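**Student:** Please see the structure below; I have some questions.
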Amino acid sequence: MKQFFLAISFLMLGFATVLAQKTISGTVTDEGGEPVIGANVSIKGTGTGTITEFDGTYSIQANDGDVLEISYTGYQTIEQVVADGASYDFTMAEGVVLTDVVVTALGIKKEEKALGYSVQKVGGEEVTGAGETNLVQALAGKVAGVQVTGSSGAAGGASYFLIRGANTINGNNQPLIVVDGVPIDNSQLRSGDAVASVAFSNRAIDINQEDIEEVTVLKGAAATALYGSQAGNGAIIITTKKGKRGKQKVTVDFSTNVTFSSITQTPELQNQFAQGRFQTYEGPETGSGYSYGPAISGLSYANDAGTYLHDVNGSIVSSDDPNASGRPVNVYDQYDFFQTGVSNKNNLAVTAVNETSTMRLSLGYQYDQGIIPLNDFQKVNVGFNATTKLGDKIDLGLGVNYVNSGGYRIEQGSNTSGVMLGLTRTAPTFDNANGLEDPVNNPAAYIFADGTQRKYRYGNTGYDNPYWTINQNPLEDRVNRIIGNINIEYRPTSWFKIQYRPGIDYYSDFRSQRFAI
């Protein structure tokens, strides 16, 4: 019985609420008296709502005390408390239209919709969120019409980008990079000596991504009109963080990022047949470069373990050979050579602002360990930006960024020291690591007591043992770079200003390379 009376009470309450509702109607017009078609009319805080008709009229059920909310894109939102009246007419005033501002030539800001050419803006958070070492690689997939290609998986390797495809088949297709109004170099300078075949960096890698406020991409002929022929392939306009004037305060920001990398695809290698040819085994001492000898399943290690020069397990013979020990021959996965790469980035920034001036100092350190042992890339950034107002007509700005970058680079490509060729050419029965747990740091893996190289083809022929390559044939480089600008802006009137912005982009690139005999 109690439940019955409770149900009746709820039913009566709901009926009373319905009776309390009334129909509210009216019209919605703009400041010129024209009807606003499709304006949203809703009861604030509820899911009840409707839209205006072609003549601007509306009708909605509401209770006294409800708040009507009228909204429409491009107009200021109106709120009205429902009281005794049953009719409310509204006149909507135009609101603040949000515009997207982009930076074009010489740091000049313009509304994107006012431009007569194609641009696209990428926020600094999107760039740093990619977790990439190279700024170019960080833009991959973020800008329409921009194609990004990494040259290799090596730490510190170059990346390339094209805007709307290539413009020439035998020249430079890279877009111009501009930092705070100053064009900078993005070259990947090759060594003059033809023997150097390592993954060099393109110089955009020097930019500290944590210092980037936003990136604007200018496409097509517009970039050429703004920056001349050097921007014939488009332009990447980078604006760095400077702080915003306002109430005096000091802000400290720290960020860290760790990224892991590993190989995902490798050429398939056969592991059924031993070194040699035509079903005849030919060991490393023969200098044979073939890997279609006898089936490995029919071979055994001989009883000369510890005395055989080329393999700690002993020489390889047929399983029915009188000197066979009965121990089956190992089959080696040459790709065990690779390791998990690790990239670690840390950045500390201190920003101080007041009503007339801003100052930002940033310190960045990055260390990348590649998927190839010993391959690494390091970068130190020190950035400083400051602005100040001298009265109402003069603004001064200073920006300086110092970079120290470089790394330990490994031979690649089609040469006898190329790591991948050394791996893929090695027979599955030869252990480049020589049974050692740490072949990277143990010379016994790749060098004999007399100083000659231990590899699958003994002598002066064939491709190098990869552990020999990374230890004996490295290229090391060290870049010191300064990118800076001074900005002086004078506004004699509200509609006219004079701007002077000298800039500098200077770097030295020292490289040392050695090849063991």
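**Student:** Please verify whether Ala144 is open to solvent by less than 10 Å² (accessible area, probe 1.4 Å), outside any strand (DSSP E or B) and under 21 Å from Gln120 (Cα atoms), treating the condition exactly as stated. Outline the logic, then answer.
**Tutor:** Working: open to solvent by less than 10 Å² (accessible area, probe 1.4 Å): no; outside any strand (DSSP E or B): yes; under 21 Å from Gln120 (Cα atoms): yes.
Criteria not met by Ala144.
**Student:** Tell me which residues, restricted to the range 56-93, are under 13 Å from Gln21 (Cα atoms) and buried (at least 16 other Cβ atoms within 10 Å of the Cβ).
**Tutor:** Those that are under 13 Å from Gln21 (Cα atoms) and buried (at least 16 other Cβ atoms within 10 Å of the Cβ): Ile60, Ala62, Asp66, Val82.
**Student:** Quick check: is even one residue across the range 13-24 at pLDDT 85 or above and either part of a loop (DSSP other than H, G, I, E, B) or hydroxyl-bearing (Ser, Thr, Tyr) (or both)?
**Tutor:** Yes: the range 13-24 contains one or more residues that are at pLDDT 85 or above and either part of a loop (DSSP other than H, G, I, E, B) or hydroxyl-bearing (Ser, Thr, Tyr) (or both).
**Student:** Continuing with the same structure: So which residues in the range 212-230 are surrounded by fewer than 24 Cβ atoms within 10 Å (Cβ to Cβ) and not in a strand (DSSP E or B)? First the steps, then the outcome.
**Tutor:** First, pick out the residues of the range 212-230 that are surrounded by fewer than 24 Cβ atoms within 10 Å (Cβ to Cβ): 212-214, 216, 219-222, 224-230.
Scanning the range 212-230 gives Lys219, Gly220, Ala221, Ala222, Thr224, Ala225, Leu226, Tyr227, Gly228, Ser229, Gln230.
**Student:** Let me ask another. Condition check: open to solvent by less than 80 Å² (accessible area, probe 1.4 Å) and without any contact (Cβ under 8 Å) to a residue 24 or more places away in the chain. Does Ala305 satisfy that?
**Tutor:** Answer is yes for this residue.
**Student:** Report those strands (runs of 3 or more DSSP E) wholly inside the range 459-517 carrying at least 1 residues which are open to solvent by 70 Å² or more (accessible area, probe 1.4 Å) and without any contact (Cβ under 8 Å) to a residue 40 or more places away in the chain.
**Tutor:** Qualifying strands (runs of 3 or more DSSP E): 496-500, 503-513.
**Student:** Could you say whether any residue in the range 260-274 is on the phi > 0 side of the Ramachandran plot and open to solvent by 10 Å² or more (accessible area, probe 1.4 Å)?
**Tutor:** Looking through the range 260-274, none of the residues is on the phi > 0 side of the Ramachandran plot and open to solvent by 10 Å² or more (accessible area, probe 1.4 Å).
**Student:** Next up: May I ask you to list the residues in the range 319-338 that are touching a strand residue (DSSP E or B) at 6+ places or on another chain (Cβ under 8 Å) and either under 30 Å from Val419 (Cα atoms) or open to solvent by 50 Å² or more (accessible area, probe 1.4 Å) (or both)?
**Tutor:** Ser319, Asp321, Asn323, Gly326, Arg327, Pro328, Val329
**Student:** Please pick out the residue among Tyr490, Tyr467, Tyr500 that is aromatic (Phe, Trp, Tyr) and at pLDDT 95 or above.
**Tutor:** Unique residue meeting the criteria: Tyr467.
**Student:** Among the listed residues Asn186, Asn233, which satisfies the condition of being modelled with pLDDT of 80 or more, farther than 27 Å from Tyr367 by Cα and open to solvent by 10 Å² or more (accessible area, probe 1.4 Å)?
**Tutor:** Asn233
Listed here are the residues, each with its yes/no results for (1) within 29 Å of the chain's Cα centre (by Cα); (2) basic (Lys, Arg); (3) more than 30 Å from Val353 (Cα to Cα).
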| residue | (1), (2), (3) |
| --- | --- |
| Phe254 | yes, no, no |
| Ser261 | yes, no, yes |
| Gln265 | yes, no, yes |
| Phe278 | no, no, yes |
| Tyr281 | no, no, yes |
| Gly287 | no, no, yes |
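**Student:** For the range 433-445, does any single residue satisfy the condition of being in a strand (DSSP E or B) and acidic (Asp, Glu)?
**Tutor:** Taking every residue of the range 433-445 in turn, none turns out to be in a strand (DSSP E or B) and acidic (Asp, Glu).
**Student:** Counting residues that are among the small types (Gly, Ala, Ser), which strands (runs of 3 or more DSSP E) fully inside the range 247-322 reach at least 2?
**Tutor:** Strands (runs of 3 or more DSSP E) meeting the threshold: 249-261, 299-302.
The values are calculated or read from the model by the stated rules, or taken from the named source; none is laboratory data. For clarity, every value in this text was computed on a predicted model and none was experimentally measured. Methodologically, a virtual Cβ is constructed for each residue, glycine included, from the backbone with ideal geometry; neighbour enumeration extends over all protein chains shown. Remember, those area values only see protein heavy atoms, side chains included, never the ligands or the DNA or RNA. Shrake-Rupley method; radii C 1.70, N 1.55, O 1.52, S 1.80 Å.
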